[in-house]
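Have a look at the structure below, then the notes.
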Amino acid sequence: MRNLVAETDLGPERLIAPLFVQEDAREPVPIEAMPGIYRWPLGSVADEAKRILEKGVDKFLLFGIPARKDEAATEAYNPQGVVQRAVRELRRELGERATLMTDVCMCQYTSHGHCGIVARSGDRWRVDNDATLPYMGKIAVSHAEAGADVVGPSSMMDGVVGQLRRSLDEAGFGDVLIMAYSVKYASNFYGPFREAAESAPAFGDRRTYQMDPRNAMEALKEAELDAEEGADILMVKPALPYLDVIRLVKDAFPQYPLAAYSVSGEYSMVKAAGERGWLDEDRSLLEMLYAIRRAGADAIITYYAPRAAELLREMGGHVF
Ligand code: PBG
């Protein structure tokens, strides 16, 4: 009866699995702060994707860790770069069954770890928003050329969605979708990701381009700009500490699919408590994902995607 009257449903089709690919790795490299998550070498990332696919998750979000970094993130738009090669490998191995999404940002590729081009004068610095935009366009086109279905600009530069839409259209990729990281907070919950992607800023922080956790209404402004610029999917990130914002954005933009990114810190805190026996990991992760769905997310990006898919198949909502 509880299932009959349950208000919220969740299935593996709504889950997106992030995948880390490391250019110079020879074997899977465990990420210390995210037990169970690895950086995959080219050549074996497709095997991991196949294992995830067998569990029922067929959407992947790729992050690359390049062997070389520089000030202009050259490797981010190299046609032979790590993500471009990974996309080709996954397409070849998985075919059209898989939806391939890529992260369009610079922070894994810049020597300073910021998400855009840094302008310096003396010891003062700032991320130059407008100088960064054309690079974002180039990165997105290189991903589309490799075969990406969806690009996800996560740099939080103003105007990046419009730039990507123009660049993709001009290059003949009018059917590549944009999943906009519209509402992205300057969050502590990204901590483990920065270890995973080697993308911690070498100086300063990201508060000049990411949102203040104290703000909710500002999310509507960010979402509106991205919608006007041509976003296909809007996103709120992180998810669990921002369920109110997910609901707010969903209600204000019901005509847009909404994704929520349950970030590395959300994964790691449940994982850590589970390992210590302080929480029931499986039940807690399902409760977290159902809550994100209940708040209004249509899609959930989560490192728990394969485990959650398994659990949803085995017991569905019966856990509650
Ligand atoms: C930045 C980016 C970040 C994440 C995805 N893309 C973090 C950041 O802004 O430092 C975080 C994802 C996570 O924590 O799982 N391009």
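The values are calculated or read from the model by the stated rules, or taken from the named source; none is laboratory data. Keep in mind that this is a model prediction, so the values were computed, not measured. Neighbour counts run over all protein chains shown; Cβ positions are idealised from the backbone, glycine included. Only protein heavy atoms, including side chains, enter the accessible area calculation; ligands, DNA and RNA are left aside. Shrake-Rupley method; radii C 1.70, N 1.55, O 1.52, S 1.80 Å.
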task: Specify the residue that is nearest to the ligand (Cβ to nearest atom); the eligible residues are those in segment 58-86 that are in a helix (DSSP H, G or I) and over 19 Å from Val45 (Cβ atoms).
output: Tyr77
message: Every residue in segment 87-130 that is over 19 Å from the mean Cα position of the chain (by Cα), in contact (Cβ under 8 Å) with a residue 40 or more places away in the chain and part of a loop (DSSP other than H, G, I, E, B), please.
response: Ser111, His112, Ile117
task: State the number of residues belonging to segment 84-97 that are touching a Gly at 6+ places or on another chain (Cβ under 6 Å) and buried (at least 23 other Cβ atoms within 10 Å of the Cβ).
output: 1
message: Quick check on this structure: which one of Val29, Val57 is open to solvent by less than 10 Å² (accessible area, probe 1.4 Å) and among the β-branched types (Val, Ile, Thr)?
response: Val57
task: Considering only residues that are among the hydrophobic types (A, V, I, L, M, F, W, C) and open to solvent by 10 Å² or more (accessible area, probe 1.4 Å), look in segment 221-230 and name the one that is nearest to the ligand (Cβ to nearest atom).
output: Leu225
query: Which pairs do you get when a residue that is open to solvent by less than 50 Å² (accessible area, probe 1.4 Å) and in a helix (DSSP H, G or I), found in segment 246-267, comes within reach of a residue that is more than 8 Å from the ligand (Cβ to nearest atom) and of a type in the set (Phe, Trp, Tyr), reach meaning Cβ atoms under 7 angstrom, with the pair 6+ apart or on two chains?
result: Tyr267/Tyr304
query: How many residues does segment 221-233 hold that are within 17 Å of the chain's Cα centre (by Cα) and assigned to a helix (DSSP H, G or I)?
result: 2
statement: Per the filter on segment 143-162, residues modelled with pLDDT of 95 or more and within 16 Å of the ligand (Cβ to nearest atom) are His143, Ala148, Val150, Val151, Gly152, Pro153, Val160, Val161
Subset of segment 1-23 that is more than 16 Å from the ligand (Cβ to nearest atom) and open to solvent by less than 90 Å² (accessible area, probe 1.4 Å) - its residue that is nearest to Ala305 (Cα to Cα): Pro12
field: Given (1) in contact with a Gly (Cβ under 6 Å, 6 or more places away or on another chain); (2) at pLDDT 95 or above, index of the condition Ala216 fails
entry: (1)
query: How about segment 163-173: which of its residues are surrounded by fewer than 24 Cβ atoms within 10 Å (Cβ to Cβ) and either free of Cβ contacts under 8 Å to residues at least 12 places away in the same chain or within 15 Å of the ligand (Cβ to nearest atom) (or both)?
result: Asp169, Glu170, Gly172
message: Return the residues of segment 98-120 that are in contact with a helix residue (DSSP H, G or I) (Cβ under 7 Å, 6 or more places away or on another chain) and either within 16 Å of the ligand (Cβ to nearest atom) or open to solvent by 40 Å² or more (accessible area, probe 1.4 Å) (or both); say none if nothing qualifies.
response: Thr102, Val104, Met106, Tyr109, Gly116, Ile117
message: Restricting to segment 133-150, give me the number of residues that are buried (at least 24 other Cβ atoms within 10 Å of the Cβ) and among the β-branched types (Val, Ile, Thr).
response: 1
- request: Specify the residue that is modelled with the lowest pLDDT; the eligible residues are those in segment 293-317 that are in a helix (DSSP H, G or I) and aliphatic (A, V, I, L, M).
  value: Met315
message: On the basis of being among the aromatic types (Phe, Trp, Tyr), open to solvent by less than 60 Å² (accessible area, probe 1.4 Å), within 13 Å of the ligand (Cβ to nearest atom) and assigned to a helix (DSSP H, G or I), does Tyr290 make the cut?
response: no
statement: Counting only residues that are open to solvent by less than 20 Å² (accessible area, probe 1.4 Å), away from the ligand (no atom under 14 Å from the Cβ) and part of a helix (DSSP H, G or I), segment 174-220 contains a total of 1
field: Verdict on Leu240 being buried (at least 17 other Cβ atoms within 10 Å of the Cβ) and within 15 Å of the ligand (Cβ to nearest atom)
entry: yes
